[in-house]
């Protein structure tokens, strides 16, 4: 397959803000992607392009979010820092849960740009939380603090080896992607989660043990595709006895291909 015929997927950046104590790139802002998620998307044959933030103190020229949304075929929001509670009208319960306001604004601007061009969006972990907030939902700042008897959704000692069961909700698109599967095993690397689900979305899976929302999808099929999962599909390995995430990726990329085709017909 030649490069011109491959889907081009934008991948949101993680931010490492300026740090005067850092020995490399001292006091410089870094934007980067985690390797596994880029490789997961590329496993389908799609090309991956990290979308750097076009604004900030060192910005020059006139490149905008809109230019990336016009050029690329779809967007993946990947994991990372907490969402700033101010993004959904709250103050941090603790300083360590203050999140990353700058990245929130960047991610929301990306989503708005791709949405305006009818380009599909898929969110992973933080990406699910950000999408819920961007469309008016709210979050638990810390699941174990705010939900009595909740499951431990994040274990920093074992990180992506922390797993739990999810229930796939009947009648959902997710249940169609996994016919006959009512319960599945996924990794769990988050301590925040959806408190109030945005009216824009429906839940497609919940944690079996405590009901925390684990997957969402846009209600209206006539609007641009948006779906997201709370787990990290890119971290799953065949020998982990976890859900096969290939169906998730193919569902997203099928939507990307369809949207690209519709765009070509309009031109």
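The values are calculated or read from the model by the stated rules, or taken from the named source; none is laboratory data. All of these numbers come straight from a predicted model, not from anything done at the bench. Backbone-built Cβ (ideal geometry, glycine too); neighbour counts: all protein chains shown.
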TODO: Give the residues of segment 82-91 that are exposed (fewer than 15 other Cβ atoms within 10 Å of the Cβ) and touching a helix residue (DSSP H, G or I) at 6+ places or on another chain (Cβ under 7 Å), sorted by residue number.
DONE: 86, 91
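Residues are listed down the side, and each one gets a yes or a no for (1) in contact with a helix residue (DSSP H, G or I) (Cβ under 7 Å, 6 or more places away or on another chain); (2) outside any helix (DSSP H, G or I); (3) surrounded by 14 or more Cβ atoms within 10 Å (Cβ to Cβ):
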position	(1), (2), (3)
9	yes, yes, yes
20	no, yes, no
28	no, yes, no
31	no, yes, yes
37	yes, no, yes
TODO: Among the residues of segment 192-214, count how many are in a loop (DSSP other than H, G, I, E, B) and without any contact (Cβ under 8 Å) to a residue 60 or more places away in the chain.
DONE: 3
- [ ] List the helices (runs of 4 or more DSSP H) that sit entirely inside segment 59-145 and contain at least 2 residues that are modelled with pLDDT of 95 or more and over 30 Å from residue 258 (Cα atoms).
- [x] 101-116
- [ ] Give the residue, chosen from 258, 246, 241, 228, that is surrounded by fewer than 22 Cβ atoms within 10 Å (Cβ to Cβ) and touching a strand residue (DSSP E or B) at 6+ places or on another chain (Cβ under 9 Å).
- [x] 241
Open item on the list: For the structure I just gave you, tell me whether residue 189 is in contact (Cβ under 8 Å) with a residue 24 or more places away in the chain, buried (at least 18 other Cβ atoms within 10 Å of the Cβ), in contact with a helix residue (DSSP H, G or I) (Cβ under 7 Å, 6 or more places away or on another chain) and assigned to a loop (DSSP other than H, G, I, E, B).
Closed with: yes
Task: Search result, residues across segment 244-267 that are outside any helix (DSSP H, G or I) and more than 17 Å from residue 168 (Cβ to Cβ) - done: 267
Task: Selection from segment 215-243 of residues that are outside any helix (DSSP H, G or I) and without any contact (Cβ under 8 Å) to a residue 40 or more places away in the chain - done: 218, 219, 220, 221, 222, 223, 237
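Here's the yes/no breakdown for (1) under 18 Å from the mean Cα position of the chain (by Cα); (2) closer than 15 Å to residue 120 by Cα:
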position	(1), (2)
37	yes, no
48	yes, yes
55	no, no
59	no, no
66	no, yes
74	yes, yes
Task: Residue that is surrounded by the fewest Cβ atoms within 10 Å (Cβ to Cβ), among those in segment 135-146 that are over 15 Å from residue 189 (Cα atoms) and in contact (Cβ under 8 Å) with a residue 60 or more places away in the chain - done: 136
Open item on the list: If I filter segment 45-58 down to residues being part of a loop (DSSP other than H, G, I, E, B) and in contact with a strand residue (DSSP E or B) (Cβ under 9 Å, 6 or more places away or on another chain), which single residue comes out as farthest from residue 17 (Cα to Cα)?
Closed with: 46
- [ ] Assess whether residue 171 counts as being surrounded by fewer than 18 Cβ atoms within 10 Å (Cβ to Cβ), more than 19 Å from the chain's Cα centre (by Cα) and at pLDDT 95 or above.
- [x] yes
